[in-house]
1. Quick check on this structure: which one of LEU138, LEU147, LEU187 is under 16 Å from LYS97 (Cβ atoms) and in contact with a Leu (Cβ under 9 Å, 6 or more places away or on another chain)?
2. So in segment 290-308, with the set limited to residues that are aliphatic (A, V, I, L, M) and touching a Phe, Trp or Tyr at 6+ places or on another chain (Cβ under 9 Å), which one is farthest from ARG127 (Cα to Cα)?
3. Could you say which residue among GLU32, GLU23 is closer than 18 Å to ILE311 by Cβ, touching a residue at least 24 places away in the same chain (Cβ under 8 Å) and among the charged types (D, E, K, R)?
4. Please tell me if ALA227 is at pLDDT 95 or above and assigned to a strand (DSSP E or B).
5. Please go through segment 17-60 and pick out each residue that is crowded, with 24+ Cβ neighbours inside 10 Å and in a helix (DSSP H, G or I).
6. Do we have any residue at all in segment 216-229 that's more than 27 Å from SER252 (Cα to Cα), of a type in the set (Gly, Ala, Ser) and buried (at least 24 other Cβ atoms within 10 Å of the Cβ)?
7. Among the residues of segment 83-98, write down those that are surrounded by fewer than 22 Cβ atoms within 10 Å (Cβ to Cβ) and not in a loop (DSSP other than H, G, I, E, B).
Amino acid sequence: MGKKIKWGVIGSGGIARRRTIPEGIIPSDNAELISVYSRTPENNDEVAKEFNARAAGTLQEVLDSGVDAVYVASPVDRHLEQVIACAKAKKHIFCEKPLGLNVQEVEKMIRVCKEEGVLLGTGLMMRFLAQHQAALQLIQEGKLGKLVYGRAQLSCWYPPMEGAWRQDPAAGGGGSLVDMGSHCIDLLEMFFGRIKSVSCFINNIVHDYKSEDGAVISIKFESGALATVDTFFCIPDNSSKNVLELYGSRGSIHAKGTIGQGDAGEMVAYLEDDSAEYDAQQAREIGKGLTINPTPVNTYLAEIDEFSKAILENRMPANNHFTGLHNQIVLSACYESAKTNRVVEINQHMQV
């Protein structure tokens, strides 16, 4: 294996064409795009031409094209079959979230990848955002004190469209909760630690497709901290500011637009010193926060770089299958809570 990982792509349209290929694989010093495959040949030919890659007519052609790793960005209901095929061909796999339609599918993927000796990674790229990493450092340094509460919001306008697999749970595993809430859950766990229990509501408030167009999750962490996630397919893009709020006993961090597909947003920390005392008037100062604005990092480039380096260095990547499995377990608990109208403990699911 050379100094660059040779990549194939399965599901060359959508997020692969818009983001991961042009922003992740192409500019990476550790990656080289070899072949692409889609069930829509015309679009696949366009992608291959645009990025100077081989247009494969089948999944097997990708596997036979000399690649070391495969990026799977197809609809979720195809992940299991495709991941197993890649693993049996001894190719490392970086798969978009959610890894599967359910926990059992993900466990099967992991088992086969372990048997075949290949890595399985998960596309939860928002952890790599420079501002999120800076916020994490403040938390780890104790600047926020004991963590108390968090909120993560990711919403957009996603009207009914023919063939949109995210609007059918049989193809995508769910709607706004699984598609966008997964990122929010992953980020909050990065900041707050493991989730202990969830209570979730889902609904079709505006759109009448089969998947939910709205979800709200109440979260309790093992640390005792609390959080909420709100994620909707029925709020106009510019009306949802994709807010991230992190509160502790000594301060808070407020962000807009850091949760999403961009390189950066607005983030401000409000930190207190140890001299703060009880104030009966509860006075609040405006505009005296600490702006958090590190050099932006393209999250798609970061996730491809990390996975490629892990292959070259023969180690577990940060964006590994454990992250994907746990995320799927929490999502499963959320859907169970919405269905049964009760609080669901995550520990029970960790035993499956």
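The values are calculated or read from the model by the stated rules, or taken from the named source; none is laboratory data. Note that this is a predicted model, so its numbers are computed, not measured. As a convention, Cβ positions derive from the backbone with ideal geometry for all residues, glycine included, and neighbour counts pool all protein chains shown.
1. LEU187
2. So the residue we want is LEU290.
3. Selected residue: GLU32, the only one of GLU32, GLU23 that is closer than 18 Å to ILE311 by Cβ, touching a residue at least 24 places away in the same chain (Cβ under 8 Å) and among the charged types (D, E, K, R).
4. So ALA227 fits the description; yes.
5. THR20, ILE21, GLY24, ILE25
6. No, every residue in segment 216-229 fails to be more than 27 Å from SER252 (Cα to Cα), of a type in the set (Gly, Ala, Ser) and buried (at least 24 other Cβ atoms within 10 Å of the Cβ).
7. Listed by number, the residues that qualify are ILE84, ALA85, LYS88.
For every residue, the table says whether it meets (1) closer than 23 Å to ASP263 by Cβ; (2) of a type in the set (Gly, Ala, Ser); (3) surrounded by 18 or more Cβ atoms within 10 Å (Cβ to Cβ).
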site	(1), (2), (3)
GLY100	no, yes, yes
LYS108	no, no, no
MET126	yes, no, yes
GLN131	yes, no, yes
LEU136	yes, no, no
LYS143	no, no, no
TRP157	yes, no, no
PRO160	no, no, no
